[in-house]
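Worksheet: the structure to be examined is printed underneath.
Values in this text are rule-based calculations from the coordinates and carry no lab data. All figures in this text were calculated on a predicted structure; none of them were measured in a lab. Please note: Cβ atoms are built from the backbone with ideal geometry, for glycine as well, and neighbour counts cover all protein chains shown.
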Amino acid sequence: MTRSIPLLILVLIASEGFSQCTNTFQYPSFEVVASSYNDTVTISNVSYAGDYAIIREMAQGETYEISSNNPNDYLTIREADDTSILLSHGPAPLSFTANTIDRISVHINLITPSCGTINEARTTRIVCTSCEGTPPKIGIRSTEPEATLDVDGEIKLGDSQRPPQAGMIRWNSTTSDFEGHNGEQWISLTKANSSSWGAISNATVNENQKIVADNPEFDFEFGSSVAFEGDYAVIGAPQFSEFQESWGIGDAYIFHRENDTWVQTQKISANDAVTNDRFGCSVDISGDYIAIGSNYANIGSNASQGAVYIFKRTLNTWSQINKLVASDGLSYDWFGSDVSLDGATLCVSAPTHGSDNHGAVYIYKRNGSSWTETTKLSPTTSDFANVGSSIDLQNNYLMIGAPGVNVSSNTAQGKVFVYTYNGASWSLQDEITADDGVAQDRFGSSVAIDNLNAVIGAPNRDVGSYTNQGVAYIYTRSGSNWNLVNSVNAAEGEAYHFFGDVVDISGDEIVIGSDNYDHLGNSFQGAAYLFEKISSTKVIRKSKALASDGNKNHYYGCAIHMSDDLLFIGAKNADGDNGRGAVYILTKN
């Protein structure tokens, strides 16, 4: 992936007779953690003029002094997450008070020549001048303690009987687990907790099983879409072709869980499939029915109008029973780009329906084995809104993402529409926008709902200087209103990772895909992040999932489906050099 090099254009401000320097920097040379005590921390012994360092975890309200052993240095301090914000500058040593900012970037230049960068290595340091002194070190069976508490021997923890506070640790004899308190609740410190996805906070988890299609073809994007319910799973492969000259016919694969192992039992295809239909671009399952989107299917003379195929299970065999098309479908509607099936109700998106790509969502009701179009939802909004780019239906609540919606003067900031069904008709309950949204965020590119909770992705949101790093927003419903709990992003994310391009939620647990994530030099390897809502205002990160055999261009996290104790993650270009695709299955401990 090409990384952008931010050009920091600094405003000239007088400070002790010197102008603020203007330079181009690529990446920080150093990153250090500041001390909250009055002790000196070395930033680097090999700093050069032209370098800059990131200093994080500064104590709020405290004053820090940054120094250099080169008396001819000039320092510029900026907010690390938004380098357009100047905080201080001047000759070293330079003081700075950390009010509301806990991460800063420190840029080094020479005074003479002005803003010069050619100089020898120097030692740079930071000290909290207003902090209290370093606490004494206490040793237990240690004559020269090296920490505040240095124990040479065993420590036994008992159940805590006092009111819990953040930072406390205890042994929970009921669950036989070590726990730490985060200020809100006790959290397992091990992988033994049965409610965990097999990881402690910020740890990495890997799959319990990897499944691939029993098919010799390559580059057919198995894992582009995934859904499961009970002991059945359906996985889409929209690029599948029986012959290399007919790419993109598409198919889907049925897997059945047998003794906790998922086994392929059937491959299903449209009975009228032709080249470039992309059957399997979207899938969902509910009871004995499966819905499969084929968004590039030609309908009559309408190119890429799109269709949805319904399959029904009899015993252990799935057979096609219906083909659905929109009653007012047009060319390039891409009907079937997303499907959401819940009982006898099916919702189908057509995100480019209309001459202006306004988009629409069609709702079908099942009577026996027949499906009838009953409603078309196309909320009034801006042109190129792409209504229905993402949809999710649960218990008479339908969430519709429209990432192309303009909000005030912000082009394509994005919006989400929430509809409810009263047994006879659908009505608009709420319209959700990100309070901090800006143009081109494409909020609503992904949506997921589970009872009172919902998660919405804005994969094109910039984070600091990282373009299109991506953000996800978590909401909870109170009455008819959806209230923001918090927004999250990947702390290690970078530009064009598109965090939030795919999301899912189960209860208070949230999974967010970032299929463009670069890992250890592997561009587009992909990752999935697990979070948990622990209160009405707080969401914590639990773990990050990576494929055990992940490699570049695998796009792990391109499709996700989550339940209480099971998580399917698609990687549409995995499986070695063949690029056939794979799905990785995670289960809780």
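Computed values, structure above
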quantity	calculated
Extension reserve of the residue 483-residue 424 stretch, reckoned as 0.36 nm per residue once the Cα distance is removed	18.6 nm
Positive-end extreme of charge dipole, the range 209-587 - chosen from 296, 239, 350 (charges on Cβ)	350
Net charge dipole size for the range 209-587 [Lys, Arg +1 and Asp, Glu -1 on Cβ; Debye, nearest 20]	500 debye
Separation of the residue 298 and residue 56 label points, Cα + 7 Å toward Cβ, nm	5.4 nm
Stretch gain in nm, segment residue 435-residue 320, where the contour uses 0.36 nm per residue and the Cα spacing is subtracted	37.0 nm
The chain: translational diffusion in µm²/s, Stokes-Einstein, Kirkwood Rh over Cα pairs, 10 °C, 1.306 mPa s	60 µm²/s
Least to most buried among 220, 178, 524, 443 (fewest other Cβ within 10 Å first)	178, 524, 220, 443
Percentage relative contact order, the range 469-508, counting C-alpha pairs under 8 Å, at least six apart	44 percent
Contour excess over end-to-end distance, with Cα ends at residue 271 and residue 154 and 0.36 nm allotted per residue	35.3 nm
Euclidean distance of C-alpha centroids, the range 152-182 and the range 366-401, integer Å	49 Å
Pairwise FRET efficiency - residue 86 versus residue 31, Cβ, R0 = 22 Å, nearest 0.05	0.65
Centroid-to-centroid separation of the range 79-114 and the range 256-330 [C-alpha atoms, Å]	57 Å
Total charge dipole magnitude, the range 475-539, about the Cα centre, Cβ charges on Lys, Arg, Asp, Glu only, Debye to nearest 20	360 debye
Unit Cα scatterers, Debye sum, the range 437-559: log10 I(q)/I(0) for q = 0.18, 0.20 Å⁻¹	-0.86, -1.04
Theoretical FRET efficiency, 1/(1+(r/R0)^6), r = Cβ-Cβ of residue 38 and residue 144, R0 25 Å, to 0.05	0.70
Net dipole in debye of the range 544-589 [+1 Lys, Arg Cβ; -1 Asp, Glu Cβ; about Cα centre; nearest 20]	140 debye
Charge dipole of the range 209-587 about the Cα centre (unit charges at C-beta), most positive-ward option of 547, 417, 317	417
Label-point gap, in nm, between residue 263 and residue 383 - each point 7 angstrom along Cα→Cβ	5.7 nm
